[in-house]
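Below is one structure, written out as structure tokens; comments come after it.
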Amino acid sequence: MYGRMGSAPFVLSADRSQMSNYRWNFLFGFLSSGPVKAAPDPIYSMICPTDDTYDHGSGEMLVAPLGLRRVQSALESAYGKEAVRTQHPLMIERAIGPETRVVGLSEMSPLGMGPVDTAISWYNITWNRMWFTILTRKLKKLKERFDFKVVVGGAGAWQLLDTKDHNFDLGTIDPLKKKEYGVDHIVLGESDKDAPEIFERLAGGDAPEVIRVLTNSILDMDEIPEITGPTLTGIVECMRGCGRGCDFCAPNLRKKRDFPPDRVAREAQVNMSHGYRGVWLQTEELTLYGCDDQDKWPNEDAIVELFSTLKEAGAHSIGATHWTFAGVRAAPNLIKKLAEINGLGPGRWMGVQPGLEYASPRLVKKFMPYKVKPFSPDEYPETIREGIKIMNRNHYYPASTLIVGHPGEEKDEVKMTIELIETLSKEDKVHGIFAPLLYVDYFTPTQTMNFEKMNQSHWRLYYTCWKHNTREFKDKIWIATQTFGPIAKLVSIFGVYAIDWYILRFMRNHFKRRFGFIPDWMD
């Protein structure tokens, strides 16, 4: 399958920021949301290498993003394997020619407008935006020679939509963005099942500019095409949707559906046949896998069965992208079992990303009441504390996201979150990082938070998180670089100390420029 030369009717790709194995630590992928000037290309390429992901002769992807593999499988079933190429963006021209009809791009954050991007880029050009720009400029030149359509899908496709009256008009692409990036269509929703029909309409010229697929149109998991080629970082889906019902979260728009363990194992074996030793489970909330309980008590047997099935299939380690503090607190023995299955210990930690959001019980009750089940909103701060302690005891390293500037918050509620972070950092001395993300409203951009809107309380929350993080970066850099070679590890250690100094100094200077003084809490 790999190493083919020549063009194909359907070409699938993504910007270069999504084409790395991230040295087997998916948390390194967040570097792509950071400003280009803060991490020059040699540093970026060292941490997020891509040389091992594609055939250097043909440019065809040896491993590819999971979403592209789903679409690839659907198109291959309809048109045959020779009709589809999954191509590295830096060699995209080798897959495009007179017979090319559609080029499909899967994008996480093509314009750097997501919560992570806006929180750490400080209005600078991000790596993901730069790589998307480079790719689309190349495609625009190729379109002058070959008549094909460019379609963008994936979680970040919304960033290309037009806005009218401060609300997204889901019918058109922003005309300026369309001209700049040469994108003809975007697809919103779960397109893997409907990919053949969508691509046929795109090629025939009768597709609308914005194609919307009902998110919950796929109810039978057998309708989702199984991957035929390995995925980046060995990631496979074990579920879609979450089931927690937070009203600000896009994944909540999806109905929760679980993939059977044997299905997950089959796809994991596609990756293991490529040489992967581990499996990353893509999930919005692992502790609700197999759970139909209205009070959200984890189904420990179902989760252990999933992990055991993957171990029996040959996986040496099994990670999960997301879970919640409530699920962890409700099932401490489950977390212990998962750590034992993975052989975790003082010298071997594993990352995970829970959403902390905010500490206020009132906000929890109003905007995410099911996120704390089986506990009550009043118990949420304690649930966070206990959840992180359970993770740390079992050598899981959380990267906890927070919301800065939720439109429904009050000043004293920001203080609650600040005090919680200080307690976790100074009193509990937990291990993990806190990622303060600026509130992004996809549908009402006027409610989106930015640095000009941040008041002093928001700044204190933001700074408190990063003060903790800089300490953690220095203390735990050996964990993050445990797979690095000696030179890369040495460069990374020096780089972390330099970046830590720069981050805090940068924030102090910006606060003083905005408010005219440096407060005591910035000491």
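The values are calculated or read from the model by the stated rules, or taken from the named source; none is laboratory data. Since the structure is predicted, the reported quantities are computational estimates derived from the model, not experimental observations. Backbone-built Cβ (ideal geometry, glycine too); neighbour counts: all protein chains shown.
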Select from the range 371-389 the residues that are of a type in the set (A, V, I, L, M, F, W, C) and under 24 Å from the mean Cα position of the chain (by Cα) and list them in ascending order. VAL372, ILE384, ILE388
Here is a check on your reading of the model: is GLU107 surrounded by fewer than 23 Cβ atoms within 10 Å (Cβ to Cβ) and in contact (Cβ under 8 Å) with a residue 12 or more places away in the chain? no
Got a sec? Which of ARG263, ARG244 is in the same structural domain as TYR397 (by TED's automatic domain parsing), under 30 Å from TRP158 (Cβ atoms), basic (Lys, Arg) and not in a helix (DSSP H, G or I)? ARG244
Out of all the residues in the range 212-224, which are outside any helix (DSSP H, G or I) and either surrounded by fewer than 20 Cβ atoms within 10 Å (Cβ to Cβ) or at pLDDT 95 or above (or both)? ARG212, VAL213, LEU214, THR215, ASN216, SER217, LEU219, ASP220, ILE224
Going by what's in this entry, would GLY275 be described as assigned to a loop (DSSP other than H, G, I, E, B), of a type outside the set (A, V, I, L, M) and over 26 Å from SER20 (Cα atoms)? no
Which one of SER20, SER77, SER32, SER7 is closer than 24 Å to ILE227 by Cα, of a type in the set (S, T, N, Q) and within 21 Å of the chain's Cα centre (by Cα)? SER20
Say whether the condition of being touching a strand residue (DSSP E or B) at 6+ places or on another chain (Cβ under 6 Å), of a type in the set (Val, Ile, Thr) and buried (at least 21 other Cβ atoms within 10 Å of the Cβ) is met by at least one residue in the range 360-369. no
Count - residues of the range 282-315 that are polar (S, T, N, Q), part of a loop (DSSP other than H, G, I, E, B) and under 25 Å from LEU27 (Cβ atoms): 1
Select from the range 413-444 the residues that are acidic (Asp, Glu) and at pLDDT 95 or above and write down the one among them that is farthest from LYS474 (Cα to Cα). GLU413
Expected single match for at positive phi and touching a residue at least 12 places away in the same chain (Cβ under 8 Å) among GLY405, GLY387 is GLY405
Over the range 373-408, the set of residues under 23 Å from ASN333 (Cα atoms), polar (S, T, N, Q) and buried (at least 19 other Cβ atoms within 10 Å of the Cβ) is THR383, ASN394, SER400
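Here is a yes/no grid of residues against (1) in contact with a Pro (Cβ under 8 Å, 6 or more places away or on another chain); (2) touching a residue at least 40 places away in the same chain (Cβ under 8 Å):
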residue	(1), (2)
TYR79	yes, yes
ARG85	no, yes
MET91	no, no
ILE96	no, yes
LEU135	yes, yes
LYS140	no, yes
PHE148	no, yes
VAL152	yes, yes
With the first residue restricted to the range 284-306 and required to be under 24 Å from SER400 (Cα atoms), and the second required to be part of a loop (DSSP other than H, G, I, E, B) and of a type in the set (A, V, I, L, M), Cβ contacts under 8 Å at 6 or more apart or on different chains are THR287/ALA331; TRP297/ALA331; PRO298/ALA331; GLU300/ALA331
Go through LYS429, LYS415, LYS411, LYS453 for me and flag whichever is free of Cβ contacts under 8 Å to residues at least 24 places away in the same chain and in the same structural domain as CYS246 (by TED's automatic domain parsing). LYS429
Where residues in the range 316-331 are in a loop (DSSP other than H, G, I, E, B) and more than 23 Å from the chain's Cα centre (by Cα), which of them is nearest to MET239 (Cα to Cα)? ALA331
Looking at THR100 and the list (1) assigned to a loop (DSSP other than H, G, I, E, B); (2) β-branched (Val, Ile, Thr); (3) in contact with an Asp or Glu (Cβ under 7 Å, 6 or more places away or on another chain), which single condition is not satisfied? (3)
If we keep only residues of the range 103-130 that are part of a loop (DSSP other than H, G, I, E, B) and of a type in the set (S, T, N, Q), then the residue nearest to SER13 (Cα to Cα) is SER109
Restrict the check to the range 356-364 and report whether at least one residue is at pLDDT 95 or above, in the same structural domain as ASP293 (by TED's automatic domain parsing) and under 18 Å from LEU27 (Cβ atoms). yes
Looking at the range 40-61, which of the residues that are surrounded by 19 or more Cβ atoms within 10 Å (Cβ to Cβ) and among the hydrophobic types (A, V, I, L, M, F, W, C) is farthest from ARG263 (Cα to Cα)? ILE47
Those residues that are free of Cβ contacts under 8 Å to residues at least 40 places away in the same chain, farther than 20 Å from TRP280 by Cβ and not in a loop (DSSP other than H, G, I, E, B), I need them from the range 1-60; list them, please. ASP41, PRO42, SER45, ASP51
Scanning the range 22-75 residue by residue, those within 30 Å of LEU188 (Cβ to Cβ) and basic (Lys, Arg) turn out to be ARG69, ARG70
